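As structure tokens, the structure follows; a few thoughts come after it.
The values are calculated or read from the model by the stated rules, or taken from the named source; none is laboratory data. Nothing here was measured: the structure is a model prediction, and the numbers come from that model. Neighbour counts are summed over all protein chains in view; Cβ atoms, including those assigned to glycine, are modelled from backbone coordinates with ideal geometry. Note: accessible area is taken over every heavy atom of the protein model, side chains too, but ligands, DNA and RNA are not part of it. Shrake-Rupley method; radii C 1.70, N 1.55, O 1.52, S 1.80 Å.
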Amino acid sequence: MSTSKATAARVAPTKGGRRKLTLPIVLLIIAGALALISLVRLISGANDITSVGQVRGALSLAVPIGLAGLGGLWAERAGVVNIGLEGMMVLGTWFGAWAGFQWGPWVGVLFGILGGCLGGLLHAVITVTFGVNHIVSGVAINILAVGVTRYLSNFAFDGIEGGSSKQSPRIDPIDRITVPGLSDWMQDLQQQHWFLISDIAGIIGGLVTGLSLLTVVALLLIPATWWILWRTPFGLRLRSCGESPTAAETLGVNVYKYKYIAVTISGGLAGLGGAFLAIVATGIYQEGQTGGRGYIGLAAMIFGNWMPGGMALGAGLFGFTDSLKLRGGAENVHAMLLLLAILLVIAVFWQLYRKKYVAAVISAAVSALLFTWYFLTDQVPSQFVDAAPYVTTLLVLSLSAQRLRMPKADGVPYRKGEGK
């Protein structure tokens, strides 16, 4: 207990740090965001932006990104930068599909996790044991994963009915659940297009209609990660390795062991995200289907300030904008111009309150441009629709950059015995 208490003192934030948001404030922010989105829906007429189908689509698109981000969080809380999340997701898609079409989807999920774990273990060996630069190792794993899966596909899928060197045969789906009664009621309420009530109904309806069991598992992993890393002695020791491995070693923590565990779990979570893509999202493995989601997951983790809840919000934001692109396309993204303009007006008042006058002027100018663009056009170009999720991610990261605090020893080389 003395070791844990001493380490906790080192990991605890300083008194001068940013105050944490309390639950009532978080709920108030969520309520305000819902009211603002509902207002934009009424003004623009884009009723699909909070529909049941939109929420279902957003959740499906957010889950693999969130799992990759969760994997990055585990690794970086232990002090290892994991740029290799994309490659570990690729391994998860291939191994998940290979086992899934032979022995069933749940076996495929297990093999997808194991495939990601192999990538995570390799990253741990290269960075922790041999001390190679974390970025170099991650990029190498991303390149290696693409080559390995292409090579394996030539043997495993080519020549099989429905398969080729670039895709697998069809995989049996995982069961989906719908809450009877509640699902129909929420859909009826959502179709009334009432202010706020219909939007809340659409969100609830999306969460209780056609929900994959693997999606439920993925959602439960977020609070599970928070509890393990912030409420257990194991999590405290692991986080101490990312804050001050030298101090942790002097207190008896086996830094190498915890880094290995964290990076292997990181790979397993990314592999689970890849298996989700192959088994749930598409029902088939296709070369290149990760589409950079490992990198986006890393961005979601940074946006979330290396915390599970914030990471989930970042993944949800990208999934939401990506789903808008797929459902309603130009009309929905056009409505988002109005939403962004209003948010920037709010940002102007906040920056003025904090006496950041230059930032306030820039925000006001961009807001005016967005208002002009919205009111002078009926839709946005198709190229902008395709780029909307990525533009949104960059904007959110740039606006949230000032409040970020990464683990102090994240990416810092460490050799065993430094603390003695």
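Summing +1 for each Lys or Arg and -1 for each Asp or Glu among the other residues whose beta-carbon sits under 12 angstrom from that of I49 gives 0. Charging the Cβ of each Asp and Glu at -1 and of each Lys and Arg at +1, and nothing else, the dipole of the chain about its Cα centre rounds to 2040 debye.
Under the shape rule built on the C-alpha gyration tensor, where the axes satisfy a ≥ b ≥ c, the stretch 193-286 is oblate, since a/c reaches at least 1.5 while a/b does not exceed b/c.
Distance between the 7 Å Cα→Cβ label points at Q379 and K257: 6.1 nm.
Measuring with a 1.4 angstrom probe and ignoring ligands and nucleic acids, Y256 comes out at about 40 Å² accessible. Taking every full run of DSSP H in the chain, the ones that stretch at least 20 Å from end to end by Cα along their long axis and average -1.0 or higher on the Kyte-Doolittle scale are 23-44, 52-77, 85-103, 105-124, 134-156, 213-231, 255-276, 308-326, 330-353, 357-376, 382-400. Does the stretch 155-313 classify as rounded, prolate or oblate by the C-alpha gyration tensor (a ≥ b ≥ c root eigenvalues; a/c under 1.5 gives rounded; else a/b over b/c gives prolate, otherwise oblate)? Verdict is oblate for the stretch 155-313.
Taking only DSSP H segments of four or more residues, each worth -39500 (n - 2.57), what value at 222 nm results for the chain once the sum is divided by all its residues, to the nearest 500 deg cm²/dmol? Using -39500 (n - 2.57) per qualifying helix, the result is -23500 deg cm²/dmol.
The distance separating the Cα centre of the stretch 275-327 from that of the stretch 108-186 comes to 14 Å. Among 348-361, 304-317, the peptide with the highest mean count of other Cβ atoms within 10 Å heads the list, and the full ranking is 304-317, 348-361. Mean sequence separation of contacting Cα pairs (under 8 Å, at least six apart), scaled by the length of the chain, corresponds to a relative contact order of 29 percent.
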